[in-house]
Amino acid sequence: MNKDRRKVLKAGAGLGLLSALMAVGMISPQQAQAAIGRGAFDAKTIDDVYKALGVAAPTASDQVVINASDIAENGAVVPIGIRSNLPNTQAIALLVERNPNPLAAHYDLTDMAVADITMRVKMGQTSNVVALVMADGKFFSATKEIKITLGGCGG
Amino acid sequence: MGNPMKIRATLNGDTTDIKILMRHDMETGQRKDAAGALVPAWYIQSVVVSVAGKTVINAGWGQAVSKDPYLALKVKGANKGDPVSVTWTDNKNDTRTDETTIA
């Protein structure tokens, strides 16, 4: 008897929390959608991605740093870090040139964020990766080739 | 609801390192199963990280993000004990939120 009552209380409390979270908008799926459209993720080439993002040719900049090893043994898990030393960096995107859909990830940064992100991506084959950075409304990029070792025999 | 995330947030000087490990299959929609049929795409499309109720990073992801995604980022102006909240949403509209505090 008592046990049942506890269960009911627990369930009630859980529901209350959930609706409270919804009320303050913390878990609405709409809010969780990134600011850019999904179209950019369906683009097949880097140029199409730039078009979908509304980017004219970005300027190559040594202030954008790609932190990744030259050779990745496993293309399924390639760690890549992107750092931007440019002031007022607003967004960072990672593109893998020879993937079926080059755009791998796009990050909108608020002023609390430091422009330094590390993640792991899949790469189908040896390819250039491009770090695209928006700072002060202008676009900058850095490019690095990462070799994928197939079959694990080095090279 | 998906599997729980591992989140670690540590204060180093004036920046906070946040490391997130999510559990998700991240199917690209291009892999074939043993019978030769395509495995449908199933991947996280958006990730929102917020600290003390303020959004820090709003991420959009494609299929190219690795299985069991790892994300590391840095935040400035946060204090010890501030809550860190991470929410992901996948293309099946499944979503999960996990929280921790800055240590």
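Full extension of the chain segment joining A:ARG98 with A:GLU73 gains 7.3 nm, where the gain is 0.36 nm per residue of separation less the Cα-Cα distance. Shielding value for B:50-56 is 4, the average number of Cβ atoms from other chains within 10 Å of each residue's Cβ.
Let me know the number of lysine pairs in chain B closer than 15 Å at the Cα, not counting same-chain pairs under 8 apart. Summing the qualifying lysine pairs gives 6. Coupling constants for the range B:35-49 follow from the phi torsions by the Karplus curve (6.51 cos²θ - 1.76 cosθ + 1.60, θ = phi - 60°), and in residue order they are 7, x, 8, 5, 7, x, 5, 7, 8, 6, 9, 8, 9, 10, 10 Hz; glycine and proline get x.
Summed for both chains, how many Å² of accessible area, to the nearest 100, are buried between B and A with a 1.4 Å probe? Approximately 2900 Å², summed over both chains. Residues in the range A:37-148 average 44 Å² of solvent-accessible surface per residue, probe 1.4 Å, ligands and nucleic acids excluded. Surface composition of chain B: carbon plus sulfur atoms hold 48% of the accessible area, using a 1.4 angstrom probe and ignoring ligands, DNA and RNA. Near the amide H of B:HIS24, within less than 5 Å, lie the amide hydrogens of B:ASP68, all on another chain or at least 5 residues away, with H placed in the peptide plane. A straight chain from A:LYS144 to A:ASP47 at 0.36 nm per residue would run longer than the Cα-Cα distance by 33.2 nm.
Burial annotation for the range B:65-92: residues with an accessible-area loss of at least 50 Å² between the isolated chain and the complete set of protein chains, computed on heavy atoms with a 1.4 Å probe, are B:SER66, B:TYR70, B:LYS74, B:LYS76.
Summarising the label geometry, the points placed 7 Å from Cα in the beta-carbon direction at A:ASN128 and B:THR15 lie 2.8 nm from one another.
The values are calculated or read from the model by the stated rules, or taken from the named source; none is laboratory data. Here the structure is a predicted model, which is why all the values come from computation and not from measurement. Cβ coordinates were reconstructed from backbone atoms using ideal geometry, including for glycine residues, and neighbour counts include every protein chain displayed. Remember, those area values only see protein heavy atoms, side chains included, never the ligands or the DNA or RNA. Shrake-Rupley method; radii C 1.70, N 1.55, O 1.52, S 1.80 Å.
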